[in-house]
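The values are calculated or read from the model by the stated rules, or taken from the named source; none is laboratory data. Model, not experiment: these values are computed from the prediction. Please note: Cβ atoms are built from the backbone with ideal geometry, for glycine as well, and neighbour counts cover all protein chains shown. Side chains included, ligands, DNA and RNA excluded: accessible areas come from the protein's heavy atoms. Shrake-Rupley method; radii C 1.70, N 1.55, O 1.52, S 1.80 Å.
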Amino acid sequence: MKNNFVFSIIVIAIVFPLIKLKAQDATVLVQKVKTKLEQVTDYVAEGKMKTDVAFIKAPVGKVKVYFKKPDKFKLKKDGGISLLPKGGISVNMRSIIETTDYTIIPAGDIVVNGIKTKVVKLLPNNDNSDIVLSTLYIDETNLIIIKATTTTKENGTYNIEMQYGKYINYALPDKVVFSFNTKDYKMPKGITLEFDSDLTPEDRMKMKNKKGRIELNYSSYIINKGVDDSVFK
Amino acid sequence: MFTLLQIELYKIFKRPRTYIAFAAITALIIIIQLGLKVDGKEYADFVLADLQNTLEINGKIINGYFVCYVILQLLLVHVPLLIALIAADMISGEANMGTLRVLLTKPISRTEFIIAKFLAAAIYTILLLIWIAVFALLASIIIFGTDDMFLVKNAYAVQIEKVDIFWRYIGAFCFAALAMLTVAALGFFLSNFAENSIGPIVATMSVIIVTTILSTMSIPLFNKIKPYLFTTHMVAWKEFFDVKVNDANETIRGTVQNADKIIRSSIVLIAHIILFVGASVWVFKKKNVLS
């Protein structure tokens with residue numbers, strides 16, 4: 001009995017500081033990523049957006065993305081209608097990481113798209129926050145976020161995957177892929193006024209895919225040149 | 001023949017009832033445009049409510065192209081009734097007034113006479129469609145502007161790029177012309193069998209109402225006869241507003257999802273026009289004209 005008690009004390013004495021050390025490491029890592037992101041006070045990016053949702057037929061369109069510190073974010077399609085995951089795209093990486101009021105939990109290492117990443121979970125301390133949990137996959141070498149999974153109260157869970165290129169020094173991605181869950185789509189015939197359907201069973205199966213994807217391929221960024229607030233209205 | 005056609009057109013456009021259709025269509029279009037101008041956002045929210053559970057849809061949903069589509073959806077169901085007012089009166093109206101016998105004393109063949117009458121009804125029908133095109137499309141473009149077109153269908157939604165829409169309307173109006181000419185041919189055919197206008201007009205309307213109901217009801221028994229009803233094919237103009245997608249689910253500009261359906265329906269409608277007009281010529285040639 002006495003031996004067990006001593007053993008437990010020793011284990012706690014060794015493991016607890018290790019956990020605390022790991023948490024401190026993760027906090028430092030997130031802080032470093034944040035510092036790198038903070039180099040950019042604003043940007044205007046041009047690119048192409050592709051919407052891939054099973055029950056939507058949409059063209060690839062040119063888009064302009066505006067960002068201004070701390071968390072102003074606007075995506076405008078170049079003369080057309082844009083379809084974005086509800087709440088998802090505005091909750092960009094910057095706005096997740098800008099928040100200081102969260103608990104950081106280290107969750108090991110994992111390889112994402114061939115890149116070794118540190119997994120960090122961010123738990124907001126504020127009970128009213130829409131974000132329930134964010135998991136960041138951070139490339140420790142380049143201090144960039146490779147992937148993020150965010151669970152929200154209102155809009156479900158979505159993934160953001162990022163690929164970097166010439167703007168890696170600013171931690172700005174060349175390609176962003178948003179994956180999100182979609183809800184069932186069924187429109188009453190009384191609204192569409194279409195009374196026959198030519199859908200094949202294969203088409204129907206395809207439509208049942210509940211995963212949606214929005215792909216943004218950025219071609220250029222104009223960084224820290226100022227963005228007018230009126231853009232975000 | 002041309003003189004005969006001119007006379008028939010003169011007779012059509014001299015009658016006040018001809019302009020009822022133009023006035024009714026103008027009023028309906030203005031009412032829809034006014035409604036969408038005032039409460040367009042609410043209408044768009046209602047139509048897109050299901051999609052907006054998942055997506056944020058930004059842009060000018062209520063634009064001229066979309067408004068024209070809404071107008072055509074609502075209007076093209078009722079235009080046949082307005083066409084029947086004129087087409088079903090072409091022969092029976094003359095019989096009612098007692099002028100048919102007099103007209104046939106002129107040195108013209110009965111075939112020429114009947115073809116000229118049908119062509120006059122066809123020109124009226126096409127003018128009515130041009131009127132709709134001007135008010136529903138061009139006026140809506142002026143009032144609401146243009147943007148991509150976002151349409152909700154039963155099982156999916158389609159976004160068509162702004163630059164890829166106008167030619168679709170030209171195609172849709174040409175197809176609608178075929179559909180309306182079929183109605184005109186039916187009314188014209190029925191007008192051979194009566195000596196007053198009311199009978200053929202009501203008969204044409206009844207045929208259209210009954211076959212439209214059969215075309216729209218999803219009951220297995222009716223599904224078997226649907227392909228043979230011309231009203232099933234009359235709505236194929238909507239097919240112009242659906243695009244093909246590639247393997248990456250990106251829309252392909254300039255394509256039509258079911259082009260074969262448009263061709264098939266066009267053939268069916270043309271066959272009906274030929275059938276009704278041919279039958280009219282045959283019946284009229286055999287007819288003992290007493291009035």
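Quick notes on this one:
Matching residues to (1) under 30 Å from residue A:37 (Cβ atoms); (2) in contact with a helix residue (DSSP H, G or I) (Cβ under 7 Å, 6 or more places away or on another chain); (3) modelled with pLDDT under 85; (4) within 13 Å of another protein chain (Cβ to nearest Cβ):
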site	(1), (2), (3), (4)
A:153	yes, no, yes, no
A:161	yes, no, no, no
A:165	yes, no, no, no
A:179	yes, no, no, yes
A:210	no, no, yes, yes
A:216	yes, no, no, no
A:230	yes, no, yes, no
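- Residue check for residue B:223: within 29 Å of residue A:81 (Cβ to Cβ) and either at pLDDT below 90 or over 21 Å from the mean Cα position of the chain (by Cα) (or both): no
- Set B:169, B:156: member being open to solvent by less than 10 Å² (accessible area, probe 1.4 Å) and either in contact with a helix residue (DSSP H, G or I) (Cβ under 9 Å, 6 or more places away or on another chain) or in contact (Cβ under 8 Å) with a residue 40 or more places away in the chain (or both): B:169
- Residue match in the stretch B:120-130 (condition: crowded, with 20+ Cβ neighbours inside 10 Å, under 19 Å from the mean Cα position of the chain (by Cα) and aromatic (Phe, Trp, Tyr)): yes
- Selection count, the stretch B:99-131, where residues are small (Gly, Ala, Ser) and modelled with pLDDT under 90: 1
- Within the stretch B:140-150, if we keep just the residues that are within 14 Å of another protein chain (Cβ to nearest Cβ) and surrounded by fewer than 20 Cβ atoms within 10 Å (Cβ to Cβ), the residue that is nearest to residue B:244 (Cα to Cα) turns out to be B:146.
- Matching option when the condition is over 23 Å from the mean Cα position of the chain (by Cα), open to solvent by less than 30 Å² (accessible area, probe 1.4 Å) and in contact (Cβ under 8 Å) with a residue 24 or more places away in the chain, among B:76, B:100: B:100
- Pair list, Cβ under 7 Å, 6 or more apart: the stretch A:149-167 residue under 15 Å from residue A:221 (Cα atoms), other residue among the aliphatic types (A, V, I, L, M) and at pLDDT 80 or above: A:164/A:144
- Among the criteria (1) at pLDDT below 80; (2) over 17 Å from residue A:158 (Cα atoms); (3) away from chain B (no Cβ under 14 Å), the one residue A:72 does not fulfil is (1).
- Selection status of residue B:243, within 12 Å of chain A (Cβ to nearest Cβ), assigned to a loop (DSSP other than H, G, I, E, B) and touching a residue at least 40 places away in the same chain (Cβ under 8 Å): yes
- The listed residue being over 16 Å from residue B:237 (Cβ atoms) and touching a Pro at 6+ places or on another chain (Cβ under 7 Å), out of B:81, B:55: B:55
Per-residue answers, yes or no, for (1) at pLDDT 90 or above; (2) open to solvent by less than 70 Å² (accessible area, probe 1.4 Å); (3) not in a helix (DSSP H, G or I):
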site	(1), (2), (3)
B:27	yes, yes, no
B:40	no, yes, no
B:85	no, yes, no
B:96	no, no, no
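- Consider the stretch B:215-234 and keep the residues that are within 19 Å of residue B:171 (Cα to Cα) and without any contact (Cβ under 8 Å) to a residue 40 or more places away in the chain. The one that is nearest to the other protein chains (Cβ to nearest Cβ) is B:232.
- Test: residue in the stretch B:180-187 that is surrounded by fewer than 18 Cβ atoms within 10 Å (Cβ to Cβ), of a type in the set (S, T, N, Q) and either without any contact (Cβ under 8 Å) to a residue 60 or more places away in the chain or under 15 Å from residue B:82 (Cβ atoms) (or both): no
- Unmet requirement for residue B:49, which otherwise passes all of (1) within 14 Å of chain A (Cβ to nearest Cβ); (2) part of a helix (DSSP H, G or I); (3) open to solvent by 40 Å² or more (accessible area, probe 1.4 Å): (2)
- So residue B:60, is it open to solvent by 20 Å² or more (accessible area, probe 1.4 Å), modelled with pLDDT of 85 or more and in a helix (DSSP H, G or I): no
- Filtered residues of the stretch A:97-155 (kept if among the basic types (Lys, Arg), in a strand (DSSP E or B) and open to solvent by 50 Å² or more (accessible area, probe 1.4 Å)): A:116, A:118, A:121
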